[in-house]
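Q: Before I ask anything, here is the structure I am working with.
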Amino acid sequence: MDELQLIAERTGSVPLAESVVLGPARARLMAEIARAGTENAVPLKKRRRWVWTGAGAVGLAAAITAVVTLAPVDQVGLEPPAAAADPVTVLRNAAAAALKSPAAPPRPDQFVYTKTKQPDGERESWRSADGTHDGLIKMADGGSIPLPGCRNGRAQVYKGGEPLDGVMEPCTPSPGHRADLPTDADAMFAYLNAGRGGHDGDFNAMGKDVLSLANESYLSPAVRAALYGAAAKVPGLRAVDHTQDAAGRPGVGITWPLGPHDDPKVAKPVVIVFAADTFLYLGTNSTAVTASGVVDAVGRRP
């Protein structure tokens, strides 16, 4: 493999840095060139030029990768470019990016709107911000699923998408705005690991809860940052340098570990995808979040 191909593979999804941030990286690059050139030079009596060996090419590619990845690190205060190879750093960078996003919490009478792209098409949902108003999920095939609000501990019962007259059932509100969640990574990890989706230590169940919250709930910047910080504590994570979400958008991914009963020969790990330049959440390899926001009524869009 020649050095240009190696460099292309290392930097394919990373934006170029601005000149103001290149000084220290350029110095490291030139030092790497000088070192590799000294180690691999051939005496002039035998040849008229020096050449790169495999180690020199790898060193040059690593140095150039460090240069081009400085832009997102220095511009938004994230960690060094090792993020592309380390799942913990990717998630910490995602948490840092989440903290910088604007906060616009919904009113109790509003709805959290989410549009997702899945293998069978697009889906839209309107979830009541406080869980007491009637919401809706619009499926890709044109059908819909009602999300009855829970008022005074009772909710309307539906059958075949139609309400059963006078038939109610006990309920607990399921708010689209999760203002009740921890804003600390350790506390969030304890919350997710408390058996709400499975047994204590069931990281597969925890992953489902993480994705459910990330995909279709309004989370404040601090809560979303805590969610990614908690995810970083899960053992068995792996980073994927070049991947894409279900909408085809490129990014850097995190593979979630399989469950204890999953057959690794059959089950495919979920890849959680973040934008490679901003580390903002995009979705997964099977469900991409293509639009989201807060609206005043079911059927409206941001």
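Q: Of the residues A190, A194, only one is in a loop (DSSP other than H, G, I, E, B), more than 20 Å from the chain's Cα centre (by Cα) and more than 26 Å from D109 (Cα to Cα); which? Show your work before the answer.
A: Working: A190 fails: in a loop (DSSP other than H, G, I, E, B).
Matching residue, one of A190, A194: A194.
Q: On the given criteria, is V210 buried (at least 18 other Cβ atoms within 10 Å of the Cβ), out of contact with any Lys or Arg (no Cβ under 9 Å at 6 or more places or on another chain) and in a strand (DSSP E or B)?
A: no
Q: Moving on to the next point. Would you pick out the residues in the stretch 237-260 that are within 11 Å of the chain's Cα centre (by Cα) and assigned to a loop (DSSP other than H, G, I, E, B)?
A: Passing the criteria: only D245.
The rows are residues; the columns are (1) modelled with pLDDT under 95; (2) not small (G, A, S).
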| position | (1), (2) |
| --- | --- |
| P72 | yes, yes |
| P81 | yes, yes |
| S125 | no, no |
| L136 | no, yes |
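Q: Continuing with the same structure: Across the stretch 216-234, which residue is most open to solvent (accessible area, probe 1.4 Å) among those that are at pLDDT 95 or above, touching a strand residue (DSSP E or B) at 6+ places or on another chain (Cβ under 9 Å) and assigned to a helix (DSSP H, G or I)?
A: The extreme case among them is R224.
Q: If you go through the stretch 118-152 one residue at a time, how many are touching a strand residue (DSSP E or B) at 6+ places or on another chain (Cβ under 7 Å), open to solvent by less than 30 Å² (accessible area, probe 1.4 Å) and part of a loop (DSSP other than H, G, I, E, B)?
A: 2
Q: Just one of (1) open to solvent by less than 50 Å² (accessible area, probe 1.4 Å); (2) closer than 24 Å to A187 by Cα; (3) at pLDDT below 90 trips up A267, so point out which.
A: Of (1) open to solvent by less than 50 Å² (accessible area, probe 1.4 Å); (2) closer than 24 Å to A187 by Cα; (3) at pLDDT below 90, only one is false for A267: (2).
Q: Open to solvent by 10 Å² or more (accessible area, probe 1.4 Å), among the basic types (K, R) and within 19 Å of V88 (Cβ to Cβ) - does that describe any residue in the stretch 235-251?
A: Yes, because at least one residue in the stretch 235-251 is open to solvent by 10 Å² or more (accessible area, probe 1.4 Å), among the basic types (K, R) and within 19 Å of V88 (Cβ to Cβ).
Q: Still on this model: Any chance the stretch 166-180 includes a residue that's touching a residue at least 60 places away in the same chain (Cβ under 8 Å) and under 23 Å from I272 (Cα atoms)? Quick ask: steps written out before the conclusion?
A: Filtering the stretch 166-180 for residues touching a residue at least 60 places away in the same chain (Cβ under 8 Å) gives 176-177, 179.
Those left that are additionally under 23 Å from I272 (Cα atoms): 176-177.
Yes; the residues of the stretch 166-180 include at least one that is touching a residue at least 60 places away in the same chain (Cβ under 8 Å) and under 23 Å from I272 (Cα atoms).
The values are calculated or read from the model by the stated rules, or taken from the named source; none is laboratory data. The shown structure was predicted, so the numbers you read here are calculated from the model rather than taken from an experiment. Positions of Cβ are generated from backbone atoms using ideal geometry, with glycine treated the same way; all protein chains shown enter the neighbour counts. Keep in mind that these areas ignore ligands, DNA and RNA; they rest on the heavy atoms of the full protein, side chains included. Shrake-Rupley method; radii C 1.70, N 1.55, O 1.52, S 1.80 Å.
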